[in-house]
């Protein structure tokens, strides 16, 4: 009987707790603690240059958010406080703090964590209510425009361009989370907890040399602006490995403030915009012809004043009657007629095979989004007229890296090394694996043919017989080739009187270390490849040789005859 | 056999008697049990219990204490890590080649175009060394953004003809004016301030044009 009385008391209390006052206790429990889930953000991988210096870097950051219901009362004061300490705009902040019918408004995004937390704590101490911070990592580009066209940038919610976009999956990593019980703001020891660890993103090691890239960009800008050009690019390749030490584009933009520049300035024109290479292509045609055993560097050619090709006539850039040039003279004087005439010695399909082996018409797949494969006419389209023009770089289009790698083949003794931009290997979003580990090499022309071509190219920078003395690098022997090609207009699809001027070369010529290729689109000062791109080549090459401590070899430039 | 049987029969009762005598049971004298006090046992048990409870309490308290400390330290670690990252970011910005180049150029330094290379083995100077000059200055800053026409009116050029007496000088200066005018109109399309920096390049390419023509 006694026990029954006691138990009924217990029962009554139970009903009171669970039924009647349940809500009150639940609130009490929630206010003092409970289970919380925090996100463990994965750190986005850095994009590094070849020496491990960051081109893109992740910093832990916060967003500052406001609850307008609580902030609107003292909004003007708080807005002034935030404008001063967080460097945000006063008026837009005021608008956010007083937003109607809302309990959430952004005040500032991607603020370095220590600044955000400090400011919000100060605001709370000063009696302002309704501010909070949330996780919001900051992506920083410490070098601003250096390699910006390659690296790309992050938008508010994800990558928008460049390597950031191409390798996003690898860079992003996977966020984790942690759930645990808290009491009065402190974690309950031995309380229930589960952890899913975050997997940080993988760092992307590029082959870019930050300092050389910076210098190349500055020289390129000076060159494009100085010639009144529209755009331009410059490539520096390590001759032995095909690694891209610099790939500069102009116009460029500030990756830490991409909105300040138009969208068209933010991609890599060198990789995405095909163009006709012009006379630089003669190097490929004539070294192939030497390799095929049809000619040598001393072969004598009688070059007429003009050459009939189908229903068209080929001219040289300088008017002349019949002149006697050796093959070296054809390169040194950049004769279209001489090249076209010599290329008629090729058998059917032979030139196309060589150009394909040089890498024309195929993407280099170095990891740049939207790379163009250029345009090498197919076997079916190929005919004698077309071959005459392709021989000196018309009717064939390329991207900058293709052409740089092709010239590098001559520098490398006839062996083409795949160019690369990523050290080791990395997987793109589409699953392609790219990088130096994936680079292969194959022989295109014989060592002897490459050597003869190098000697011919040394004549190009000769002040007496060549067209580009301005491309010389003091103290070193340089081999190179100019290019001045007519541009195909955007609208008419025909040559519109504009030009692409370029210079490609390597040094030291007897044991090349670097291949440099400079292209300026649409210069308006009337200059050509030798006078516009030549000096830029000289500066960039000189800087690279100095930076990597390449001593002059003491060799003398070749003196093979250019006339007979 | 039969002769021995009565003898056994006789012996048996004797044996049984002795055994009986020996096997007589007596009550074992009851040992006096000493009554021990229950206090020590209870003391030990309660000490163990109390000790356990107090120990558990202390342990729990210390764990709570550690948890408070951990929360505080974690907050501090987060703050320090954020600080470190911000400082690293500032350092990277200070190490930006552009920043360094601007500072160096302000101090009057230029990149040499043709430095000397010293071979340490032979002590010989290689290359073609030449001292750097102001012409080696590299343009480091982007051109300023183009202003709207209202803010950037074309320069007013007044051509003043010299007095007719100095005929020779007159020809010279009129030639100069025409040349400058041409340059000015050429630069109108370009961004402001270009003239100062690119004057050199323009001049060079001009010379090259006359000697080589356009390379088509």
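Every read-out reported here was derived from the displayed coordinates using simple, explicitly stated rules and does not represent laboratory data. Model, not experiment: these values are computed from the prediction. Note that each Cβ is placed from the backbone with ideal geometry, even for glycine, and that neighbours are counted across all protein chains shown.
Here are some notes:
- Cα radius of gyration and Dmax for the stretch A:344-406 (Å): 12.0, 39
- Label-point gap, in nm, between residue A:318 and residue B:44 - each point 7 angstrom along Cα→Cβ: 11.7 nm
- For the stretch B:43-97, a Kirkwood radius taken over Cα pairs fed into Stokes-Einstein (4 °C, viscosity 1.567 mPa s) yields D = 87 µm²/s.
- Size of the stretch A:162-286: Rg and Dmax of its alpha carbons, in Å, are 23.5, 81.
- Evaluated at q = 0.17, 0.24 Å⁻¹: base-10 log I(q)/I(0), Debye formula over Cα of the stretch A:405-517: -0.91, -1.16
- Counting only DSSP H runs of at least 4 residues, each contributing -39500 (n - 2.57), and dividing by the residue count of the protein assembly as shown, the helix-based mean residue ellipticity at 222 nm comes to -12000 deg cm²/dmol.
- Neighbour counts of other Cβ atoms within 10 Å put A:106, A:275, A:25 in the fewest-to-most order A:25, A:106, A:275.
- Separation of the stretch A:406-467 from the stretch A:190-224 is 27 Å, based on Cα centroids.
- Calculated FRET value between residue A:553 and residue A:372, using beta carbons and R₀ = 60 Å, to 0.05: 0.95
- Placing a label point 7 Å from the Cα of residue B:116 along the Cα-to-Cβ direction, the residues of the stretch A:525-553 whose backbone N falls under 17 Å from that point are A:551-552.
- Extending 7 Å from Cα along the Cβ direction at residue A:89 and again at residue B:146 yields two label points whose distance is 2.5 nm.
- Neighbour-count ranking [beta-carbon atoms within 10 angstrom, fewest first] of A:48, B:48, A:325: B:48, A:48, A:325
- Alpha-carbon centroid distance for the pair the stretch A:161-181 / the stretch B:92-135, whole angstrom: 42 Å
- FRET E, pair residue A:21, residue A:134, Förster distance 35 Å, beta-carbon r, rounded to 0.05: 0.50
- Residue B:57-residue B:84 pseudo-label distance in nm [points 7 Å out on the Cα-to-Cβ vector]: 4.2 nm
- Semi-axes of the equivalent ellipsoid for the stretch A:1-156, Cα gyration tensor, largest first, Å: 48, 24, 12
- Over all pairs of different C-alpha atoms, the protein assembly as shown has a mean inverse distance whose reciprocal, the Kirkwood radius, equals 32.7 Å.
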